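The block underneath contains the structure these notes are about, expressed in structure tokens.
The values are calculated or read from the model by the stated rules, or taken from the named source; none is laboratory data. As the structure is a prediction and not an experimental result, all values here were calculated from the model. Methodologically, a virtual Cβ is constructed for each residue, glycine included, from the backbone with ideal geometry; neighbour enumeration extends over all protein chains shown. What goes into the accessible areas is simple: the full protein's heavy atoms, side chains included, and nothing from ligands, DNA or RNA. Shrake-Rupley method; radii C 1.70, N 1.55, O 1.52, S 1.80 Å.
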Number of protein chains: 2
Amino acid sequence: MADKPSVIRETDNEARELAKSLLREARFAAIGVLDPETGFPAVSRIILTTSDDGVPFILASTLAAHTQAILKDPRCSLLVGEPQDKGDPLVHPRMTVPCIAEKVAKDSDAHGRLRERFLTTHPKAKLYIDFGDFGFYRLVPQGAALNGGFGKAFLLTPADILG
Amino acid sequence: MADKPSVIRETDNEARELAKSLLREARFAAIGVLDPETGFPAVSRIILTTSDDGVPFILASTLAAHTQAILKDPRCSLLVGEPQDKGDPLVHPRMTVPCIAEKVAKDSDAHGRLRERFLTTHPKAKLYIDFGDFGFYRLVPQGAALNGGFGKAFLLTPADILG
């Protein structure tokens with residue numbers, strides 16, 4: 001396979017910076033989970049932000065299908081980098097981030113910090129953030145596939161996109 | 001569980017119409033597939049349109065990870081309904097559509113019709129639509145979860161969103 005041209009570019013600092021900014025600036029994203037009943041990959045929309053260590057986290061209700069799914073199987077992925085204009089959606093940079101979901105205990109020190117951070121980014125969440133069925137889930141990146149537009153594909157490590 | 005309040009509303013024509021318009025007007029979407037190597041649900045961005053029967057279809061390269069995934073396991077899902085403004089992303093209607101992917105044979109009558117239809121919606125695809133590694137895949141809906149905003153959730157059948 002040595003003569004097969006690779007479509008993956010060698011990771012450079014420009015790719016790392018783009019990846020970090022896509023993740024940190026994302027206010028909403030698509031999340032992919034495994035449907036517990038059918039095994040299908042299911043995609044829905046969530047709002048998110050990142051914590052101090054760069055790890056994304058979401059506020060989610062146990063009434064939501066994606067929450068039930070990650071409680072059953074923590075393997076999930078994020079698609080970040082949303083086109084906010086009418087331009088070509090395949091030119092807009094985006095990144096797929098496979099993650100392992102971890103529930104944040106409500107009585108933990110981390111919970112208070114995440115709550116404050118989340119409200120800074122999503123002030124409207126104040127209306128429901130303390131409801132009993134809502135909680136925080138850290139989505140710990142296992143790697144990333146960055147697509148910076150045609151011919152600009154990179155496979156990144158967690159270290160490339162965090163910190 | 002009879003006394004547990006359901007968060008799913010009864011399907012009405014307003015929901016069906018919203019669902020059909022979300023699917024038919026989608027020019028790009030997030031697709032969730034099963035990663036053949038890891039089993040993770042992976043989400044990426046694709047451009048799409050619908051055929052005469054309302055079934056969505058995509059133009060995809062065999063070099064793309066999502067194409068390799070659906071060729072291995074045709075179970076996938078679409079998230080349609082993209083916010084195109086700076087408003088609250090959780091207020092914007094969106095819909096998750098679990099689908100079975102079917103490759104369209106290049107020598108079939110359907111191929112020519114889909115090619116014409118795709119170019120009408122995505123004229124820029126003319127640059128690569130005939131490349132050898134590109135092909136059409138029909139994503140046949142198995143149902144749909146419509147979220148019209150807070151408290152407006154519906155579970156729909158294929159008949160509700162097609163035709």
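When the criteria are applied in full, B:Ala125 meets the requirement of being over 13 Å from the mean Cα position of the chain (by Cα), within 14 Å of chain A (Cβ to nearest Cβ) and open to solvent by less than 70 Å² (accessible area, probe 1.4 Å). Against the list (1) touching a residue at least 24 places away in the same chain (Cβ under 8 Å); (2) among the small types (Gly, Ala, Ser); (3) part of a loop (DSSP other than H, G, I, E, B), the condition A:Ala105 fails is (1).
Candidates B:Asp88, B:Asp12, B:Asp35: the one that is more than 9 Å from chain A (Cβ to nearest Cβ) and either on the phi < 0 side of the Ramachandran plot or over 12 Å from the mean Cα position of the chain (by Cα) (or both) is B:Asp12.
In region A:38-66, the residue that is surrounded by the fewest Cβ atoms within 10 Å (Cβ to Cβ) out of those that are more than 18 Å from A:Pro141 (Cα to Cα), at the interface with chain B (Cβ under 10 Å from one of its Cβ atoms) and touching a residue at least 24 places away in the same chain (Cβ under 8 Å) is A:Leu63.
Just give me the residues in region A:91-113 being under 19 Å from A:Ser21 (Cβ atoms) and either facing another protein chain (nearest Cβ under 8 Å) or not β-branched (Val, Ile, Thr) (or both), in sequence order. Step through it out loud before you land on a result.
Step one: list which residues in region A:91-113 are under 19 Å from A:Ser21 (Cβ atoms), which gives A:91-97, A:99.
A:His92, A:Pro93, A:Arg94, A:Met95, A:Thr96, A:Cys99 - these are the residues of region A:91-113 that are under 19 Å from A:Ser21 (Cβ atoms) and either facing another protein chain (nearest Cβ under 8 Å) or not β-branched (Val, Ile, Thr) (or both).
When A:Leu146 is tested against (1) among the hydrophobic types (A, V, I, L, M, F, W, C); (2) open to solvent by less than 40 Å² (accessible area, probe 1.4 Å); (3) closer than 24 Å to A:Thr11 by Cβ; (4) assigned to a loop (DSSP other than H, G, I, E, B), only condition (4) is not met. Here A:Leu114 clears all of (1) assigned to a helix (DSSP H, G or I); (2) in contact with a Leu (Cβ under 7 Å, 6 or more places away or on another chain); (3) open to solvent by less than 40 Å² (accessible area, probe 1.4 Å) except the condition numbered (2). Within region A:71-85, the set of residues being open to solvent by 10 Å² or more (accessible area, probe 1.4 Å), closer than 24 Å to A:Lys124 by Cβ and more than 9 Å from chain B (Cβ to nearest Cβ) is empty.
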